1. Mind listing whichever residues of the stretch 192-229 are surrounded by fewer than 23 Cβ atoms within 10 Å (Cβ to Cβ), assigned to a loop (DSSP other than H, G, I, E, B) and charged (D, E, K, R)?
2. Report, by residue number, each residue of the stretch 161-179 that is more than 11 Å from the ligand (Cβ to nearest atom) and surrounded by 21 or more Cβ atoms within 10 Å (Cβ to Cβ).
3. Mind listing whichever residues of the stretch 182-194 are away from the ligand (no atom under 11 Å from the Cβ) and not aliphatic (A, V, I, L, M)?
4. Identify, please: which residue in the stretch 230-242 is in contact with a Phe, Trp or Tyr (Cβ under 9 Å, 6 or more places away or on another chain) and over 22 Å from K285 (Cβ atoms) and is, among those, least open to solvent (accessible area, probe 1.4 Å)?
5. Filter the stretch 33-60 down to the residues that are open to solvent by less than 30 Å² (accessible area, probe 1.4 Å), of a type in the set (S, T, Y) and more than 16 Å from the ligand (Cβ to nearest atom) and list them by number.
6. All but one of (1) under 14 Å from the mean Cα position of the chain (by Cα); (2) outside any helix (DSSP H, G or I); (3) buried (at least 16 other Cβ atoms within 10 Å of the Cβ) hold for K127; which doesn't?
7. Here are some residues: I263, I224. Which one is over 18 Å from S143 (Cα atoms) and either within 16 Å of the ligand (Cβ to nearest atom) or in the same structural domain as E192 (by TED's automatic domain parsing) (or both)?
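The values are calculated or read from the model by the stated rules, or taken from the named source; none is laboratory data. Predicted model, so just to flag it, every value in this text is computed and none were measured. No Cβ is skipped: glycine too gets one built from the backbone with ideal geometry, and neighbour counts run over all protein chains shown. Note: areas computed on protein heavy atoms with side chains; ligands, DNA, RNA excluded. Shrake-Rupley method; radii C 1.70, N 1.55, O 1.52, S 1.80 Å.
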Amino acid sequence: MLKPTEKIWRNGELIRWQDATIHVLSHVVSYGSSVFEGIRCYETKSGPAIFRLPEHMRRMVDSARIYRMEIAYTAQQLSEAAVELVRANGLNSCYIRPIALRGYGDMGVFGGKNPVDVYLACWEWGKYLGEEALAQGVDVCVSSWNRIAPNTLPALSKAGANYMNSQLIKMEALANGYSEGIALDSNGYVSEGSGENIFVVRDGKIITPPLGASVLPGITRDTILKLAHDLNIPVSEGIVPRELLYIADEVFFSGTAAEITPIRSIDRYTIGKGRRGPVAEALQKEFFAIVEGRAEDRYGWLTPVPAAQLV
Ligand code: PMP
């Protein structure tokens, strides 16, 4: 159960958590017209720091643009709002959820005249697939549901409606005793998890599906592409046939919530040695050292949150 914090940011103001409500006839409720983000703020020795904040807010603005949704704030203003929110709630580490939605006004599919309301909330959130998952890996399946096809819902937009597809993938996986599902794209190639991008390792080389395979352009995905390069591990974006999963040395998920989560079995095929492999481990080590402020932030990925002023 979500643990409430004190404040939520709404259209430029900090309001009380319990006041951040919407009318049931808001456009978003019937028609799924929202775009959102998921961002992590990590505890470092010099205070809380938000990971890749400008990139997340840029994606938020991009997501809205794809849906002709006008957000009254720039990516820069949204970033400032996120810092203000974390600071106001006095959290050392948290998950931040910005949401823009078509609100209350007209009814009907066309929501262009409805107000676009913007909210930012944050709360304490642990490891998405469990603490143990990061070290041991998770058991997953290939979903019988495909990822959204091109020319249906645009995958590059992180829209609320996309997550109906994600929910089908996730619910089926859990119902069958797995912790996550991997969706194929409409051509039958590997796309991504219900809320994670995916990476496959074979013969020391890493491959991840391209943006054309109906994937979300993950910020963690991009982080891994850079870190793998720095670690001199060959990495590329390319079409991943389903069966490559079963003969891989390693497979792992990436995502803000999932961070870097190794996969130890897929459809009951044991992957590699059935536990976290050396590539995932090396990437995790580098990733956590940077986000927790133990290694130099050489890409400027951390936005510090100043301590709240004592009154
Ligand atoms: N794919 C989907 C469908 C997601 O929901 C997420 C989580 N935002 C990701 C991939 C990973 O993206 P990111 O690394 O930016 O969190």
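1. Residue satisfying the conditions is D203 alone.
2. Those that are more than 11 Å from the ligand (Cβ to nearest atom) and surrounded by 21 or more Cβ atoms within 10 Å (Cβ to Cβ): A173, Y178.
3. Matches in the stretch 182-194: D185, S186, N187, G188, Y189.
4. If we take residues in the stretch 230-242 being in contact with a Phe, Trp or Tyr (Cβ under 9 Å, 6 or more places away or on another chain) and over 22 Å from K285 (Cβ atoms), then V240 is least open to solvent (accessible area, probe 1.4 Å).
5. Across the stretch 33-60, the qualifying residues are S33, T44.
6. The single condition K127 does not satisfy is (3).
7. Just one listed residue meets the conditions, I224.
Conditions (1) closer than 11 Å to G137 by Cβ; (2) crowded, with 22+ Cβ neighbours inside 10 Å; (3) at pLDDT below 95, marked per residue:
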site	(1), (2), (3)
L244	no, no, no
V251	yes, yes, no
G255	no, yes, no
R276	yes, yes, no
E281	yes, no, no
Q284	no, no, no
